[in-house]
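Quick one: the structure is below, and I'll ask about it shortly.
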Amino acid sequence: MKKYNLPVILLRGIVLLPQNTLKLEFDAKNTDNNVIDMSLLFHDNYILVVSEYDNKKLPKIGVLSKIENNLVLPNGNTRVDIKGLRRVNIIEFLNLNKLKEPLESIVSEIKIEKVANEEIIINKLVKEIKSYVKNIPYISNSMVSLIEKEKSLDKFTDIVVPTLISNKERVLEYLNTTLPLIRGEMLLKDIYQEKEMFQIERDIDMKIRKEMDDSQKEYLLKEKIKLLKEELGESSTKDSEITKIKKRIEKIACPKKVKERLNFELYRYETVSNMSPEVNVIRDYIEWLLDLPWNIFTEDNNDLKSVKTSLDQSHYGLEDVKQRIIEYLAVKQLSKNNNSPIICLVGPPGVGKTSLAFSIANAMKRNFVKISVSGIKDESEILGHRKTYVGASPGRIITSLKKAKSSNPLFLIDEIDKMSHDYNNPVNSLLSVLDPEQNQYFSDNYIEEDFDLSHVLFILTANYIEDIPEALKDRLEIINISGYTEFEKLDIATHHLLPKILKENGLKENFVHISDDIILKIIRNYTKEAGVRELKRQLDKIVRKIITQIVLNNIKINKINITEKVLEKYLGKEKYKFNTKTKAKIGVVNGLAYTVYGGDILPIEVNYFKGKGNLILTGSLGDVMKESASIALSYLKSNYQYYNIDYNQLINNDIHIHVPEGAIKKDGPSAGIALTLAILSALTKTKISNTLALTGEITLRGQVLAIGGLKEKTIGALRSGIKTIIIPSENTKDLEELPPEVKDNINFIKVKNFKEIYKVIKNA
Ligand code: ADP
């Protein structure tokens, strides 16, 4: 084996492997400079590099290297590039310096045997290295492309080791291992180990990250949402809203269950994203819950005397109505039981039902709310829509309670007779509202939580008692308010309406003077109603016109008197004219009707002409009234002799009955005797006075049966200038109830049978 001499460079802290280049700079004073010179001068640039020299345990393997670049820097230092070529065995170190370090060596070559399956091993290594370096960013691709081309395992290992292996001791082991196959195995093992380490590190990293995720995810997300919201300029509003809601929830005196619900909904509100469509639904719901007057009560004025005084001040007359209301309140106060029936004020429009209820609330010092159930078809209008509906909201009961701002308001439910009859559900839901057994736990579909309605004082109103749903009627205490007579209206106008209107317009009480005659004229010729609503409207109109004139013309005036001439100027031509002249006509008879506008006369016209004994009816008559007309005709046919009717006339003619004002539907049996008399008058050519009116049901035997609404009818009759009214004897008891004006101005004739009517007419 060939031996040769070489200068020696000793390395500390680094290891040079063959195939690698080392850049070194030598101090000008350093003796190592001499070694470089020796190499350049005597050894063809060859030199032995020994890593980690230890003089106790002399290294056996060194690297035969070549100095490739040699540069003397301006400061006298020398820079060299030394490229490692191959491993050599160190046989001996020579020429030791003061530090006992060698400057020269004797080395011998190492024979490299051909490695079996070298290519397979290299391929395997390349594959592993490639998959490993994928995850290591600091390893450059050039190293990979370099090894892909390398066919010698000996060189291959030396190229990759310094890059892949960071541990210096391990690199030294590679240096001292001369067999390439063993270095290959070492390398494979190291790569596996590194890969495993890398995987473990990654797992740990992931685990740590996940733990952090779980604990901090919510926080991070919240922070992120907050940032997004800040970007959108939303954050502060929602946050401050949440704080406000929290404070309100703390203060609200609602049941525990509702409070829990509120907290739950607030949590949902906090967590839901602003982008979600749910956010508004939740907030609206929270606001509804917060706005309801849970456990808020106003203190009642239980002094019924002062309640009565207050009602007297606000409403003229209605003595029995007020008396019944006071009695009702007294019983309610004393018994403290909630099972008492519910007041229902029944009467035509404008008679003061609503205003009376308002006055009761005022007198009792309760808050007042009102709903109308007219035309309600769907129970959801009362009970609300479930939240799942888009745009859902509570029903009218809950909506009104929010407005009421207390749990014990006076709650007026208007027009219960106008609720849709075709559908039963709204009636049932109204029952659940009114029923004291159920209404403690009133549940609106939207609100979902029970609200106690048992402290609410419900008052209902209706125009027609007949149209109130039966199931409801059972629970009601009906208080009738019939229409007012002209003189009652006069009193209401002078003592209530006019002073109220003047006050509302900021005028002194006696600024406008309207004499009784003029007011009566307004009542008679400009209104036709049972109540005083139209009358109030006309008075309003007068006062408005006066004010306009004063302002426009800058008039200074202390008092103004309304004369007949002024009246026409302000209100226009008379709308209703009354035929005050007494006239008698054949085939025309006044019946009496009770309409939504109160009582009124019902003129009936009868004609006959050649035909076959048919009955023709016109004028919007209901079934019951049509039957009455048939009964009337049958009765007269069967009693034609008694009434001196020509029988041929009856069978050879058609009889036409017409009730004018066809636009208004008329029904009921009470026109029976008026229809009979109208047919009789036509057939016998008997004149009937236009100041006579009749009301009463007729049977086939000519019996006259009792009717309802006598008070309203007679008030209407008086208004129309009727002087005599024929009524069924059975209604005699009702005469007591009639207003004095009616009693004083109208003559009542009581009859049991139609024959008595005939006598009256004959003797007239
Ligand atoms: P309703 O509810 O029966 O239709 P309102 O209560 O609306 O009638 O009454 C209409 C107007 O008539 C109101 O301004 C009311 O104050 C007035 N009014 C009705 N009756 C009286 C009365 N007896 N005394 C004083 N004002 C009355």
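The values are calculated or read from the model by the stated rules, or taken from the named source; none is laboratory data. Owing to the predicted nature of the structure, the values given are computational and were not obtained by experimental measurement. Cβ: placed from backbone, ideal geometry, glycine included. Neighbour counts: every protein chain shown.
Which helices (runs of 4 or more DSSP H) does the range 74-173 wholly contain that include 2 or more residues that are touching a Gly at 6+ places or on another chain (Cβ under 9 Å)? Can you show your working first?
Working: elements: 118-133, 141-149, 153-164.
Per the criteria, 118-133, 153-164.
Could you tell me whether any residue of the range 28-46 is among the hydrophobic types (A, V, I, L, M, F, W, C) and in a strand (DSSP E or B)?
no
Can you list residue pairs whose Cβ atoms sit under 8 Å apart, with the first residue in the range 246-267 being polar (S, T, N, Q) and the second being surrounded by 10 or more Cβ atoms within 10 Å (Cβ to Cβ)? Count only pairs 6 or more apart in sequence or on different chains.
So the pair list comes out as 263/249.
Across the range 99-112, what is the number of residues that are surrounded by 11 or more Cβ atoms within 10 Å (Cβ to Cβ), at pLDDT below 85 and among the charged types (D, E, K, R)?
Summing the residues that are surrounded by 11 or more Cβ atoms within 10 Å (Cβ to Cβ), at pLDDT below 85 and among the charged types (D, E, K, R) in the range 99-112 gives 1.
Taking residue 345, is it assigned to a helix (DSSP H, G or I) and either within 12 Å of the ligand (Cβ to nearest atom) or exposed (fewer than 14 other Cβ atoms within 10 Å of the Cβ) (or both)?
Against the criterion (assigned to a helix (DSSP H, G or I) and either within 12 Å of the ligand (Cβ to nearest atom) or exposed (fewer than 14 other Cβ atoms within 10 Å of the Cβ) (or both)), residue 345 does not qualify.
Can you list residue pairs whose Cβ atoms sit under 6 Å apart, with the first residue in the range 345-358 being within 10 Å of residue 532 (Cβ to Cβ) and in contact (Cβ under 8 Å) with a residue 12 or more places away in the chain and the second being among the hydrophobic types (A, V, I, L, M, F, W, C) and near the ligand (Cβ under 6 Å from one of its atoms)? Count only pairs 6 or more apart in sequence or on different chains.
Final answer for the pair search is 350/532.
Could you list, ordered by first residue, the pairs with Cβ atoms under 7 Å in which the first is in the range 305-316 and among the basic types (Lys, Arg) and modelled with pLDDT under 90 and the second is within 15 Å of the ligand (Cβ to nearest atom) and part of a helix (DSSP H, G or I), at least 6 apart or interchain?
Taking only residues 6 or more apart or on different chains, not a single pair turns up.
Only helices (runs of 4 or more DSSP H) wholly contained in the range 388-504 count here; list those with 2 or more residues that are away from the ligand (no atom under 16 Å from the Cβ) and outside the structural domain of residue 739 (by TED's automatic domain parsing). Even if it seems obvious, please write down each step before you answer.
Values: elements: 396-404, 425-434, 470-473, 486-492, 498-504.
So the answer is 396-404, 425-434, 470-473.
Looking at the range 626-641 only, could you name the residues that are part of a loop (DSSP other than H, G, I, E, B) and either closer than 19 Å to residue 588 by Cβ or in contact (Cβ under 8 Å) with a residue 12 or more places away in the chain (or both)?
639, the sole residue that qualifies.
Filter the range 400-443 down to the residues that are of a type in the set (Lys, Arg) and either buried (at least 19 other Cβ atoms within 10 Å of the Cβ) or within 18 Å of residue 467 (Cβ to Cβ) (or both) and list them by number.
The one that is of a type in the set (Lys, Arg) and either buried (at least 19 other Cβ atoms within 10 Å of the Cβ) or within 18 Å of residue 467 (Cβ to Cβ) (or both): 418.
Take the range 736-764 and flag every residue that is touching a Phe, Trp or Tyr at 6+ places or on another chain (Cβ under 8 Å) and under 16 Å from residue 589 (Cα atoms).
Across the range 736-764, the qualifying residues are 754, 758.
Is the range 367-385 home to any residue that is away from the ligand (no atom under 16 Å from the Cβ), assigned by TED's automatic domain parsing to the domain that holds residue 462 and at pLDDT 95 or above?
First, pick out the residues of the range 367-385 that are away from the ligand (no atom under 16 Å from the Cβ): 367, 375-385.
Within this subset, residues satisfying the condition of being assigned by TED's automatic domain parsing to the domain that holds residue 462 are 367, 375-385.
Still in the list and also at pLDDT 95 or above: 367.
The answer is yes, given that some residue of the range 367-385 is away from the ligand (no atom under 16 Å from the Cβ), assigned by TED's automatic domain parsing to the domain that holds residue 462 and at pLDDT 95 or above.
Something else now. Could you grab me the full set of residues in the range 583-603 that are hydrophobic (A, V, I, L, M, F, W, C) and in a strand (DSSP E or B)?
584, 586, 588, 589, 592, 593, 601, 602
Is it the case that some residue within the range 668-687 is over 24 Å from residue 584 (Cα atoms) and at pLDDT 90 or above?
yes
Any residue in the range 473-499 that's closer than 30 Å to residue 428 by Cβ: show its pairings with residues that are more than 11 Å from the ligand (Cβ to nearest atom) and in a helix (DSSP H, G or I) at Cβ separation under 6 Å, as long as the two are six or more apart or on different chains.
Listed by first residue and then by second, the contacts come to 479/324.
So, one more: Quick check: anything in the range 70-79 within 19 Å of residue 14 (Cβ to Cβ), exposed (fewer than 15 other Cβ atoms within 10 Å of the Cβ) and in contact with a Lys or Arg (Cβ under 6 Å, 6 or more places away or on another chain)?
Going through the range 70-79, the residues within 19 Å of residue 14 (Cβ to Cβ) turn out to be 77-79.
So of that shortlist, the ones also exposed (fewer than 15 other Cβ atoms within 10 Å of the Cβ) come out as 79.
Narrowing further to those that are in contact with a Lys or Arg (Cβ under 6 Å, 6 or more places away or on another chain): none.
There is no residue in the range 70-79 that is within 19 Å of residue 14 (Cβ to Cβ), exposed (fewer than 15 other Cβ atoms within 10 Å of the Cβ) and in contact with a Lys or Arg (Cβ under 6 Å, 6 or more places away or on another chain).
Here's something else I'd like to know. Look through 572, 598, 619 and report the one residue that is surrounded by fewer than 12 Cβ atoms within 10 Å (Cβ to Cβ), under 49 Å from the mean Cα position of the chain (by Cα) and under 30 Å from residue 350 (Cβ atoms).
Unique residue meeting the criteria: 572.
Suppose the filter is free of Cβ contacts under 8 Å to residues at least 12 places away in the same chain, under 43 Å from the mean Cα position of the chain (by Cα) and assigned to a loop (DSSP other than H, G, I, E, B); does residue 531 pass it?
no
Conditions tested, residue by residue: (1) over 20 Å from the mean Cα position of the chain (by Cα); (2) aliphatic (A, V, I, L, M).
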| site | (1), (2) |
| --- | --- |
| 262 | no, yes |
| 269 | no, no |
| 285 | no, no |
| 288 | no, no |
| 294 | no, no |
| 298 | yes, no |
| 301 | yes, no |
| 305 | yes, no |
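Hey, residue 137 hits all of (1) surrounded by 15 or more Cβ atoms within 10 Å (Cβ to Cβ); (2) at pLDDT below 90 but one; which does it fall short on?
(1)
Can you name the residue in the range 505-528 that is closer than 18 Å to residue 718 by Cα and assigned to a loop (DSSP other than H, G, I, E, B) and, of all such residues, is nearest to the ligand (Cβ to nearest atom)?
The selected residue is 527.
Out of 351, 321, I need the residue that is among the β-branched types (Val, Ile, Thr), in the same structural domain as residue 440 (by TED's automatic domain parsing) and within 7 Å of the ligand (Cβ to nearest atom). Which one?
Exactly one residue qualifies, and that residue is 351.
Right, here's the next one. Being surrounded by fewer than 16 Cβ atoms within 10 Å (Cβ to Cβ) and of a type outside the set (A, V, I, L, M) is the filter here; which residues of the range 269-290 pass it?
Scanning the range 269-290 gives 270, 271, 273, 274, 276, 277, 278, 280, 284, 287.
Checking residue 301 against (1) in contact with a helix residue (DSSP H, G or I) (Cβ under 7 Å, 6 or more places away or on another chain); (2) on the phi < 0 side of the Ramachandran plot; (3) surrounded by 17 or more Cβ atoms within 10 Å (Cβ to Cβ), which test does it fail?
(3)
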